[in-house]
Amino acid sequence: MNWTFVGTVVTPQPGTVLAPPYYGERPKILHNETIGQYVIYIKMLNYTSNPPGGSASWPDDYDGRFAVLTSNDIAGPYEYQGNLTDPSG
């Protein structure tokens, strides 16, 4: 399989969890047939107490937030819809 770079899918958006001090990991892209769009869920970590690459530890760096974005095309552009909160977070 050969992959082709088609562009950046998610960019930082100041004032949201898509900007520092948050850092995303484990993005999931799904196609939602009900709305006819692609949806990205991204687990967001908060590095206010531990810097990226430092000694971040669970649960200090995780406050239960997942960013949600949608697009009509899998390659984007994606629009930030808000975030879900994991009540156990």
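The values are calculated or read from the model by the stated rules, or taken from the named source; none is laboratory data. If you're wondering where the values come from, they're calculated on a predicted model, not measured in any experiment. Don't worry about glycine lacking a Cβ; one is built from the backbone with ideal geometry, like all the others, and counts go over all protein chains shown.
Can you tell me which residue within region 1-43, out of those that are touching a residue at least 40 places away in the same chain (Cβ under 8 Å) and of a type in the set (A, V, I, L, M), is farthest from Thr85 (Cα to Cα)?
Among those residues, the one meeting the criterion is Val6.
Looking only at residues that are surrounded by fewer than 16 Cβ atoms within 10 Å (Cβ to Cβ) and basic (Lys, Arg) in region 17-44, which one is nearest to Leu69 (Cα to Cα)?
Lys28
Can you work out which of the residues in region 24-45 that are at pLDDT 95 or above and either acidic (Asp, Glu) or not in a strand (DSSP E or B) (or both) is farthest from Ala75 (Cα to Cα)?
Among those residues, the one meeting the criterion is Thr34.
State all residues of region 52-89 that are modelled with pLDDT under 65 and either within 17 Å of Val17 (Cβ to Cβ) or under 12 Å from the mean Cα position of the chain (by Cα) (or both); if no residue qualifies, say none.
Pro52, Ala56, Pro59, Asp60, Asp61, Tyr62, Pro87, Gly89
Looking only at region 69-80, which residues are farther than 16 Å from Pro12 by Cβ and either charged (D, E, K, R) or in contact with a Leu (Cβ under 7 Å, 6 or more places away or on another chain) (or both)?
Once the filter is applied, which keeps residues that are farther than 16 Å from Pro12 by Cβ and either charged (D, E, K, R) or in contact with a Leu (Cβ under 7 Å, 6 or more places away or on another chain) (or both), region 69-80 yields only Asp73.
How many residues are in a loop (DSSP other than H, G, I, E, B) and in contact with a Phe, Trp or Tyr (Cβ under 7 Å, 6 or more places away or on another chain) when one looks only at region 1-23?
Residues in region 1-23 being in a loop (DSSP other than H, G, I, E, B) and in contact with a Phe, Trp or Tyr (Cβ under 7 Å, 6 or more places away or on another chain): 6 in total.
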